[in-house]
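The values are calculated or read from the model by the stated rules, or taken from the named source; none is laboratory data. Values in this document were obtained by computation on a predicted structure and should not be read as measured data. In this analysis, Cβ positions are derived from the backbone assuming ideal geometry, glycine residues included, and neighbour counts consider all displayed protein chains.
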Amino acid sequence: MKFTFLFVDKTRAQIWQDTETEYQKRLSHFVKYNLKIIPPTKNKTQSECIELESKNLLLSQPAGKNFLITLDKSGQKLSSEELAKKLNSWQTTHPQITFIIGGAFGLSEELLKKSDFIWSLSPLTFTHEMARTILFEQLYRAFTINKGLPYHY
């Protein structure tokens, strides 16, 4: 199994860069992955940004059979244990999983409709830097739960 992470914009704050790097390193013990940053759209309306960034995200997906997970406030909320169960199921049936976090204004309806699963990290709003870090940490946590490792508790 391989993960692809597609994010709009880069992590700028050093504290979040360091934390992301730490959880990426930990995650690499369980799964191969690649990370692609899509530049944000500038000097456009909110709706134009959503449409252009979503289009660029869709075009950046890996070729072949790909299970698409988008992170969006409209998505399903999962506990860490529920995520671990879903991850276990997904990895047995999907060799390639892509996780998408959109730009500041979110994702287009078209992209959300093409998603195989829409996931909400929380009803709270996070910066994109925080959301990326939480995504990496929760995936790492899910793998440790599934492997019976002591990280979760």
**Message:** Give all pairs with beta carbons closer than 8 Å in which a residue from the range 37-60 that is in contact (Cβ under 8 Å) with a residue 24 or more places away in the chain meets a residue that is assigned to a helix (DSSP H, G or I) and aliphatic (A, V, I, L, M); count only pairs at least 6 apart in sequence or on separate chains.
**Reply:** I38/L57; T41/L52; S54/L111; L57/L111; L58/L111
**Complete:** Across (1) surrounded by 20 or more Cβ atoms within 10 Å (Cβ to Cβ); (2) farther than 24 Å from Q17 by Cα; (3) within 17 Å of the chain's Cα centre (by Cα); (4) not aliphatic (A, V, I, L, M), E53 clears everything bar (2)
**Request:** Report yes if some residue within the range 93-105 is in contact (Cβ under 8 Å) with a residue 40 or more places away in the chain, of a type in the set (S, T, N, Q) and either touching a helix residue (DSSP H, G or I) at 6+ places or on another chain (Cβ under 7 Å) or more than 15 Å from F3 (Cβ to Cβ) (or both); otherwise report no.
**Result:** no
**helices (runs of 4 or more DSSP H) wholly inside the range 20-123 that include at least 3 residues being farther than 20 Å from Y151 by Cβ and touching a Pro at 6+ places or on another chain (Cβ under 9 Å)** = 46-59
**Asked** Pick from T133, T70: which is more than 20 Å from M1 (Cβ to Cβ) and among the β-branched types (V, I, T)?
**Response** T133
**Request:** Would you please name the residue that is farthest from T127 (Cα to Cα), looking only at residues in the range 5-25 that are free of Cβ contacts under 8 Å to residues at least 60 places away in the same chain and of a type in the set (V, I, T)?
**Result:** T21
**Prompt:** Taking the range 122-149 as the search range and keeping residues that are small (G, A, S) and touching a residue at least 40 places away in the same chain (Cβ under 8 Å), which one is surrounded by the fewest Cβ atoms within 10 Å (Cβ to Cβ)?
**Reply:** S122
**Matching residues, the range 92-150, being farther than 17 Å from N66 by Cβ, β-branched (V, I, T) and under 10 Å from the mean Cα position of the chain (by Cα)** = T133, I134
**Message:** Would you confirm whether or not the range 56-70 contains a residue that is out of contact with any strand residue (DSSP E or B) (no Cβ under 8 Å at 6 or more places or on another chain), at pLDDT 95 or above and of a type in the set (G, A, S)?
**Reply:** no
